[in-house]
Amino acid sequence: MLSSGPDFESCTRKVLSFFQAYQLVRYSQIKFLKEDSLPASHPEFWVKIDKAVLENRLVLKQLIKELSDEGVTNLENLEELPQGYKSTMLHTATHFFDGFFGVDTYFYNLEEDSHWISEELIKKVHASPDHFWILALEAES
């Protein structure tokens with residue numbers, strides 16, 4: 001997760017507050033992996049961000065491929081989409097676009113409620129690298 005704050009601990013509190021207030025996904029345990037978390041001032045920060053965003057894109061690509069394999073190949077098909085497996089795949093895919101965190105999320109940008117990172121935020125991170133962290137965590141339901 002990408003979070004802002006003056007240090008690791010404040011960023012973890014922000015993430016915990018997000019999960020405590022979030023209604024769609026509940027975890028019984030969240031463990032922050034400090035050794036795998038980095039401030040934006042670390043030379044590997046952007047490598048981790050790029051890899052994490054790519055993981056989200058791969059999940060989204062797989063969902064779209066599965067929809068296509070099921071015969072959903074254009075927008076006109078949507079009005080005929082039955083409830084069930086296909087509509088669930090579409091629902092999950094749209095969450096990657098609308099910013100809802102879900103169990104399929106690999107990377108989440110808490111600052112923008114997004115699965116990606118905008119050019120504007122990239123500029124902010126570069127301007128204040130000590131104020132942004134990518135946090136690695138493990139969560140259990």
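The values are calculated or read from the model by the stated rules, or taken from the named source; none is laboratory data. Keep in mind that this is a model prediction, so the values were computed, not measured. Counting neighbours? That spans all protein chains shown, and the Cβs are built from the backbone with ideal geometry, glycine included. Keep in mind that these areas ignore ligands, DNA and RNA; they rest on the heavy atoms of the full protein, side chains included. Shrake-Rupley method; radii C 1.70, N 1.55, O 1.52, S 1.80 Å.
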task: Using a 10 Å cut-off on Cβ atoms, rank the peptides 2-13, 26-37 from the highest mean neighbour count down.
output: 2-13, 26-37
task: Just name one of Leu24, Leu54, Leu2: the one whose Cα is farthest towards the positive end of the charge dipole of segment 1-64 (beta-carbon charges, Lys/Arg +1, Asp/Glu -1).
output: Leu24
- line: the chain accessible area per residue, 1.4 Å probe, protein heavy atoms, integer Å², reads 61
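Could you give the Stokes-Einstein D for the chain in µm² per second, using the C-alpha Kirkwood radius, 4 °C, 1.567 mPa s? Mind showing how you got there, number by number?
On the way: Rh = 16.3 Å.
In µm²/s, the coefficient is 79.
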- line: Taking alpha-carbon centroids only, segment 1-79 lies from segment 97-141 a number of Å equal to 6
- prompt: What ³J(HN,Hα) values, in whole Hz, does the Karplus curve 6.51 cos²θ - 1.76 cosθ + 1.60 give for segment 64-81 when θ = phi - 60°, with x put for Gly and Pro?
  reply: 5, 5, 4, 4, 4, 4, 8, x, 8, 10, 7, 5, 5, 5, 4, 5, 9, 5
message: Once neighbouring chains are kept in place and the probe is 1.4 Å, which whole percent of the accessible area of the chain is contributed by carbon and sulfur?
response: 53
field: Spatially near lysine pairs across the chain, Cα under 24 Å, sequence gap of 8 or more or different chains
entry: 20
query: For Ser114, which sequence-distant residues (separation of 5 or more, or a different chain) have an amide H within less than 5 Å of its own amide H, given hydrogens modelled in the peptide plane?
result: Asn109
query: Each label point is 7 Å from the Cα along the Cα-to-Cβ direction; what then is the distance between the points at Leu58 and Thr88, in nm?
result: 2.3
query: Can you list the HN-Hα couplings for segment 45-58, worked out from phi with the Karplus curve (6.51, -1.76, 1.60; θ = phi - 60°), rounded to whole Hz and with x for Gly and Pro?
result: 4, 5, 4, 5, 4, 4, 5, 5, 5, 4, 4, 4, 5, 5
